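Only one structure is covered here, and it is reproduced in the block below.
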Amino acid sequence: MATIRKRNGRYQVQIRKDPYPLTTQTFARLADAKRWAISTEYELEHGLYEASPAPGFRTIGDLINYYLEITDHETINESDGYRLKTLLKGLGRIQIHQLKGSDLVRYRDLRLKVIKPATLVRELNVLRRVVRIAQSEWDVSIASEPFIRLRIPNQRSVRERRLQAGEYDDLMTACQKSRTPWLLPAIQLAIETAMRRGEILNARYAHLSDNLLLIPKTKTGMKRTIPLTPKAQAVIAALPRSICGRIIPITPNALRLAWDRNKKRAGIDDLHFHDLRHEAISRFFEMGLSIPEVALISGHKDTRMLMRYTHLRAEDLVRRLG
């Protein structure tokens, strides 16, 4: 079946029909795109279609650029888009047939100076995806061995940072001096909902219903609906309603800068905004919620990953056991 999308002022047609590979073409006019789609579908249906030669792929950059061209923008999330651009800068000039393990090793070593091993793994997984599609759908011959042999150092350390005694109050007090009025409710919602920073900034009033908040776009790609605590409901109700429809209408960079300044005012070191999600999940467990209940709120699909965020305070458990 053919789909037509308008991208960058042009009309891109994509036709998927077994056993043929993905067939695409781009046109300046919608009428031309529709005519081509109809005729090509007919030819595919009756075995008359002769595919045009595959694009002249020479470099890794050619593969990445073509992947970006034919892939629906809604399919590529913001993080993967950033990773593809980074890969383009680091590996884009390498000839496809000359890609060696040493090229990936050099890229790995350079990236590990600025990012963590887990982040590098996600980055290279995106490249593996492009290569796999190039091999299976674009008839590109490219060796997979360099990826198979590449090793990423195991430097993963589990972060266990939670708010210490008095730190929440210090953050709240410091927020009173912030030039960003949205910082305080962002912090409160992070602790009350366990939402990630991006989820908080993308949350909209239109997604609210009966004290539930729909999060249509998440890190895992799976939408979820979370129940709002009474405190979260009160925080949202007290906010001035923005014309853009977002609950916290500021940019990620503005929130990051405001957060860093606020930590400095509060005299708190080594506290990431993401640690507030860690804090929230731990608090939910301390309230007595079960693993499935917490997973419903946090969106974790893997129990092992969820338990990494869970660090109960022994003194609180002593009181409950007594």
In degrees, nearest ten, helix 78-91 long axis to first principal axis of the chain (Cα): 60 degrees
Residues whose placed amide H lies under 5 Å from that of Thr225, excluding near-sequence neighbours: Ile215
Globularity ratio of the chain, using Cα Rg and 2.2 N^0.38 Å: 1.24
Protection proxy ranking of 82-93, 111-122 - average other beta-carbon atoms within 10 Å, highest first: 82-93, 111-122
Order of Ile133, Ile247 under a 10 Å beta carbon neighbour criterion, fewest first: Ile133, Ile247
Asp260 versus Arg159: modelled label distance in nm, points set 7 Å from Cα along the beta carbon direction: 1.5 nm
Shape category assigned to segment 167-321 from the gyration tensor of Cα positions, a/c cut at 1.5: oblate
Relative exposure of Tyr20, Tyr11, judged by other C-beta atoms within 10 Å (fewest first): Tyr20, Tyr11
Anisotropy class of segment 130-250 from Cα gyration tensor, a/c 1.5 cut: prolate
Relative contact order (%) - criterion: Cα under 8 Å, at least six apart; region: the chain: 13 percent
Arg241 paired with Asp103, simple spin-label distance in nm, labels 7 Å along Cα-to-beta-carbon: 5.5 nm
With Cα atoms, 0 to 90° folded angle of helix 252-266 axis to the chain main axis: 30 degrees
Theoretical gain in end-to-end length, Gln25 to Arg204 [0.36 nm per residue, Cα-Cα removed]: 60.8 nm
Value of relative contact order over segment 55-109, rounded to a whole percent, pairs C-alpha under 8 Å and six or more apart: 54 percent
Rounded to 10°, Cα long-axis angle of helix 117-137 versus longest principal axis of the chain: 20 degrees
Of Asn154, Asn125, Asn65, the one that fluctuates the most in a GNM where the chain has Cα springs shorter than 10 Å: Asn154
Rounded, prolate or oblate (a/c below 1.5 giving rounded, otherwise prolate when a/b exceeds b/c) for segment 60-149 by Cα gyration tensor: oblate
Average Cα contact separation per residue, segment 2-45, under 8 Å, 6 or more apart, as relative contact order %: 33 percent
Nearest-20 debye value, the chain charge dipole, Cβ charges on Lys, Arg, Asp, Glu: 860 debye
Calculated FRET efficiency for the pair Glu45/Thr225, C-beta based, R₀ 30 Å, to 0.05: 0.15
Packing-based order for 194-202, 269-277, using average beta carbon neighbours within 10 Å, highest first: 194-202, 269-277
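Throughout, read-outs are computed from the coordinates displayed, never taken from laboratory work. The structure presented is a predicted model; accordingly, all values stated were derived computationally and were not measured. Ideal geometry is used to build each Cβ from the backbone, glycine not excepted, and the neighbour counts take in all protein chains shown.
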